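Chemist: Sharing a structure below in structure tokens format, with a few things to ask.
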Amino acid sequence: MKIQSLRGLKYSALALAVAFGISACSLEGDDGKDGVAGAVGEQGEQGEQGEAGDSAGTLTRIATVPLGAEVTGIFLTDEGDLFFNVQHPSGTNSVTSDVNAMPINTGTVGVLAGANFNNLPVTLPNSPVPASDEEKEVVVSAIGQYQVLGQTGDTFGTELPEGLGHIYTLDGEELVLENDMPDFNGFISTASGEGYLFSNWEELPGGMSRMKVERDDYGMWQVTEAMMLDFSPVWGTAANCFGSMSPWNTPLTSEEWVVDSEVDSTTLPSWNNPEAVATDARLGRMWQMTAPDASNPYNYGYIAEVTEPLADEPIIVKHLAMGRYEHENSTVMPDGKTVYLSQDDTGGVLFKFVADTAEDLSAGTLYGAKLTQDIGQNDPATTGFDVEWVELASGDNMTIRAWVDEYNGIGTDDYVEGQSSYITMADVEAWANGDATYPSVEDGGSSQTAGEPMDDRVAFLESRAAARAKGATAEWRKLEGISINLKRAEEAVEGTDTIDGEVVENAYLYIGIADLDNTMIDDEGDMQLSARVKDCGGIYRARLETGYDITRIEPVVMGGTYRSSLTGAERCDVDQLSQPDNVVVMNDGRILIGEDGFQENNTLWMYEPADK
């Protein structure tokens with residue numbers, strides 16, 4: 001039975017005509033003209049860019065999202081269907097469209113229907129910057145038309161009585177929050193034009209939905225099944241942020257809202273301090289989760305894999321061996337073992353995990369990146385970094401789980417002023433120094449491990465502090481989406497013929513940076529960039545080398561000059577990037593970029609590097 005899930009979807013003659021007739025996309029206004037010219041004449045410019053060592057190319061504005069919203073969850077299927085979400089739009093948006101009979105005024109999961117993004121025209125015009133009040137409240141696109149698949153609270157008849165995106169207590173009895181924060185999308189195909197769409201819901205506690213979706217002959221979609229996954233067996237989740245699909249087709253969801261991973265020399269972790277529990281919203285929510293030992297902060301901050309995604313009751317495993325910190329997303333290389341991971345925080349680390357066994361992320365070795373900035377340069381548009389990998393430790397989920405469980409049952413009545421029941425900086429330093437035992441409480445050690453034999457729990461439970469103590473660079477600011485194209489990566493590194501009609505000699509790992517400020521521009525440490533770009537952000541990339549290693553990170557496209565004298569959207573140029581978040585690499589080497597920025601209407605961009 002088909003569920004009437006699209007809440008008043010209109011199959012008007014106009015909508016169907018638009019679905020077939022539109023075949024273009026790019027920037028907007030004056031830059032729209034420049035974007036067309038750049039794409040046509042790009043081959044003539046490649047020589048100059050190569051000599052300069054740049055990867056400058058062409059930005060194309062694909063779509064804009066409504067007021068108040070950011071672009072999240074970009075996912076491109078093998079058949080060219082482009083899903084993306086409208087996260088936390090303004091609740092006052094009231095305009096509807098020919099395609100969607102409902103306003104986009106709450107969290108929305110959708111698709112650019114009627115367009116194949118794996119078969120785009122070479123030259124694409126730009127979608128306009130919304131000008132009218134009506135345009136500002138809907139998704140405006142240059143190719144395809146945005147079709148709502150589901151919104152916060154949708155029940156799909158009786159299929160999902162709890163409501164899409166709604167998060168309940170771990171016993172399923174009480175509504176915790178109505179979540180308007182859909183993030184990552186992942187898609188598992190079951191046949192041509194149909195499959196299961198997995199969507200993250202980024203809150204604390206967080207969640208993930210699974211919708212069975214089917215595309216008709218006219219490129220329009222229906223939802224035929226819907227469910228919210230049950231995360232109670234893994235103590236719930238802390239803000240399911242961006243994510244990825246593994247090469248073996250399982251969703252990897254990221255816990256971003258860790259309960260403070262900033263262990264430093266001046267602050268003792270005080271997660272059981274009664275005053276902190278009462279005043280810190282995120283900490284308080286953790287303590288309110290109704291599951292045994294849910295108040296243990298080391299239960300949160302990991303990559304979780306949906307290991308049986310199509311089962312009636314999907315199985316979820318948290319991979320503690322991949323480290324605990326503010327995960328934005330993880331991306332597994334085609335070898336099934338090498339994983340790059342981003343930390344979305346101020347003073348974050350770029351991590352690498354190498355699994356012991358392919359397609360098994362439960363055990364392996366964790367590394368942190370040590371960066372060396374180009375000598376004599378500090379401009380974000382030209383300054384790159386050499387990369388060395390600092391080994392932290394090897395471990396497995398079961399061993400680390402036993403360490404985590406040692407912190408179960410710690411209550412607010414165990415709090416002692418000036419002491420800590422959790423891992424302290426003194427513990428981190430003793431581990432990094434190779435000490436045989438943990439320090440005493442008098443020397444700043446945790447009351448849980450004082451005097452005990454040293455182990456590697458620090459590397460996996462306080463991964464940022466451990467990486468920093470070992471010499472890795474902990475200075476990234478809002479290290480966001482990390483992405484490769486699996487086919488291009490495999491062909492470039494292993495020499496397999498995976499891309500039709502093109503020989504791929506080089507493939508890249510792309511990295512989104514929302515803000516280039518704070519620890520990246522503070523004139524201290526390994527990263528000392530200028531503040532010229534600052535909060536406008538940009539995209540970096542690293543060439544994948546033998547064994548899917550990376551040894552060099554370089555800028556590929558940056559936002560415009562940050563104008564601190566201005567306010568609001570004007571601080572970053574509307575025709576350039578403004579705080580990029582998600583990044584997806586297309587089969588042809590172009591990249592899709594979602595904004596979470598200052599603009600009145602954030603943009604879904606497509607960028608074509610001069611050298612792909």
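Chemist: Assign unit charges at the C-beta atoms only (+1 for Lys and Arg, -1 for Asp and Glu), then state the dipole size of segment 123-238 relative to its Cα centre in Debye, rounded to the nearest 20. Provide the component values of the computation, followed by the final result.
Modeler: On the way: 4 positive and 21 negative charges, 95 e Å.
That gives segment 123-238 a dipole magnitude of about 460 debye.
Chemist: Here are some pairs, Lys352/Lys487; Lys318/Lys478; Lys136/Lys212; which of them have Cα atoms lying more than 26 Å apart in this structure? Write out the running numbers ahead of the final one.
Modeler: Details: Lys352/Lys487 20 Å; Lys318/Lys478 23 Å; Lys136/Lys212 30 Å.
Cα-Cα > 26 Å for Lys136/Lys212; rest within.
Chemist: Which distance in Å, rounded to a whole number, links the C-alpha centroids of segment 57-77 and segment 282-337?
Modeler: Cα centroid to Cα centroid, the span is 27 Å.
Chemist: Taking the Cα atoms only, what angle lies between the long axis of helix 42-52 and the longest principal axis of the chain, rounded to 10 degrees?
Modeler: 30 degrees
Chemist: Next up: Between segment 588-612 and segment 437-452, how many Å separate their Cα centres?
Modeler: What the calculation gives is 49 Å, centre to centre.
Chemist: For a quick check: sort Leu341, Leu371 by the number of other beta carbons within 10 angstrom, fewest at the front.
Modeler: Values: Leu341 26, Leu371 18.
In order of increasing Cβ crowding within 10 Å: Leu371, Leu341.
Chemist: Among Trp248, Trp221, what is the fewest-to-most ranking by other Cβ atoms within 10 Å?
Modeler: Working: Trp248 12, Trp221 25.
Taking fewest neighbouring Cβ atoms as first place, the list is Trp248, Trp221.
Chemist: Let me ask you something else. Take the alpha-carbon centre of segment 373-403, take the same for segment 185-216, and report the distance between them in whole Å.
Modeler: The distance from the Cα centre of segment 373-403 to that of segment 185-216 comes to 32 Å.
Chemist: Can you give the log10 of the normalised intensity I(q)/I(0) at q = 0.09, 0.11 Å⁻¹, computed with Debye over equal Cα scatterers of the chain?
Modeler: Each listed q maps to, in turn, -0.69, -1.05.
Chemist: Given the Cα-Cα distance of Asp312 and Asp379 and 0.36 nm per residue of separation, how much length would full extension add, in nm?
Modeler: Working: separation 67, 0.36 × 67 = 24.12 nm, distance 5.19 nm.
Here the segment from Asp312 to Asp379 would lengthen by 18.9 nm.
Chemist: Turning to a different aspect of this structure: For the pair Glu262/Asp522, report the inter-label distance in nm, with labels modelled 7 Å from Cα in the Cβ direction.
Modeler: For Glu262 paired with Asp522, the spin-label model returns 0.9 nm.
Chemist: Can you work out ³J(HN,Hα) from phi for every residue in segment 448-459, in order, using Karplus 6.51 cos²θ - 1.76 cosθ + 1.60 and θ = phi - 60°, giving whole Hz and x for Gly and Pro?
Modeler: Residue by residue, segment 448-459 yields 7, 10, 3, x, 7, x, 5, 9, 9, 4, 4, 4 Hz.
Chemist: Based on other C-beta atoms within 10 Å, arrange Ile553, Ile375 from fewest to most.
Modeler: On the way: Ile553 19, Ile375 6.
In increasing order of surrounding Cβ atoms, one gets Ile375, Ile553.
Chemist: Non-local amide H neighbours of Glu225 (under 5 Å, H modeled in plane, Pro and chain starts lacking H): which ones?
Modeler: Lys212
Chemist: To continue, here is another question. Hey, what number do you get for the chain at 222 nm if only DSSP H runs of n ≥ 4 count, each worth -39500 (n - 2.57), divided across all residues, to the nearest 500? Can you show the working numbers first?
Modeler: Details: 11 runs with 88 residues, N = 612.
Rounded to the nearest 500, it is -4000 deg cm²/dmol.
Chemist: Could you give each residue of segment 59-72 its phi-based ³J(HN,Hα) in whole Hz, using Karplus coefficients 6.51, -1.76, 1.60 with θ = phi - 60°, and x for Gly or Pro?
Modeler: 8, 10, 7, 7, 6, 10, 9, x, 3, x, 9, 10, 8, 9
Chemist: Run the paramagnetic zone check for Glu388: 7 angstrom along Cα to Cβ, then residues of segment 342-357 with backbone nitrogen under 19 Å.
Modeler: It comes to 349-353, nothing else.
Chemist: Still on this model: Considering only Asn582, Thr603, Leu252, whose Cα is most displaced toward the positive end of the charge dipole of the chain, charges sitting on Cβ of Lys, Arg (+1) and Asp, Glu (-1)?
Modeler: Highest projection toward the positive end goes to Thr603.
Chemist: Can I ask one more? Once phi is turned into ³J(HN,Hα) by the Karplus curve 6.51 cos²θ - 1.76 cosθ + 1.60 with θ = phi - 60°, what whole-Hz value does each residue of segment 345-362 show in order, with x for glycine and proline?
Modeler: Result, ordered by residue: 6, 7, x, x, 10, 8, 10, 10, 10, 10, 6, 5, 10, 4, 6, 9, 9, 7 Hz.
No value in this document is a laboratory result; all are computed from the given coordinates. The shown structure was predicted, so the numbers you read here are calculated from the model rather than taken from an experiment. When we count neighbours, we look across all protein chains shown, and the Cβ atoms used for this are built from the backbone with ideal geometry, even at glycine.
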